[in-house]
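The block underneath contains the structure these notes are about, expressed in structure tokens.
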Amino acid sequence: AEREDVDLFRFERLAADGSAALAAGDAGRAAELLDEALGLWAGPALADLPDRATDPLVLRVEQRHAGARRDRLAADLALGRAADALAPLTALCAGRPLDEPLQALRIRALRDTGRAAEALAAYEEVRRTLADRLGADPGPEL
């Protein structure tokens, strides 16, 4: 099989290309590439591997999947679709309370949908969580 015949490799290429497009300011292209990448994802990565919970390859791929989801939602915000992104961001943030870039996206989505008071409350919640769990202040992006 060629490399492009393997969904995992195609996913990684498309996700990387989508992230690069987002970083270059082309949110529309990023959304297309990331939609294609995420469309390849079905269920847990490499589900048949023994000891998959601790396998470094599985962990790397699942982190890349989370990054692709975050980038896709960032593309929505860049395209002015904060209302569409808010519910998925809120759900992702609930499971990743220490992911500052993800939390920053949720706060931006709240702000962009005219919910400034909720955005400030969300910031304070994240700031307190970081302080309590890591003894750290939020980074500059947040």
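Inspection of the range 117-133 finds a residue satisfying the criterion of being open to solvent by 30 Å² or more (accessible area, probe 1.4 Å), modelled with pLDDT of 90 or more and either within 24 Å of residue 16 (Cα to Cα) or touching a helix residue (DSSP H, G or I) at 6+ places or on another chain (Cβ under 8 Å) (or both). Looking at the range 87-114, I want the residues that are free of Cβ contacts under 8 Å to residues at least 24 places away in the same chain and have a partner that is among the hydroxyl-bearing types (Ser, Thr, Tyr) with Cβ atoms under 7 Å, at least 6 apart or on another chain. Which pairs are those? Qualifying pairs under 7 Å: 106/90.
For the range 97-142, filtering for residues that are under 22 Å from residue 75 (Cα atoms), in contact with a Lys or Arg (Cβ under 9 Å, 6 or more places away or on another chain) and in a loop (DSSP other than H, G, I, E, B) leaves 4. All conditions in (1) surrounded by fewer than 14 Cβ atoms within 10 Å (Cβ to Cβ); (2) assigned to a helix (DSSP H, G or I); (3) free of Cβ contacts under 8 Å to residues at least 40 places away in the same chain hold for residue 51, with the sole exception of (2). Annotation note: of 29, 69, the sole residue that is open to solvent by 60 Å² or more (accessible area, probe 1.4 Å), assigned to a helix (DSSP H, G or I) and closer than 21 Å to residue 94 by Cα is 69.
The values are calculated or read from the model by the stated rules, or taken from the named source; none is laboratory data. Note that the structure is a prediction, hence the values are computed from the model and not measured. Glycine also receives a Cβ, built like all others from the backbone with ideal geometry; neighbour counts cover every protein chain displayed. Surface areas here come from the heavy atoms of the whole protein model, side chains and all, with no ligands, DNA or RNA. Shrake-Rupley method; radii C 1.70, N 1.55, O 1.52, S 1.80 Å.
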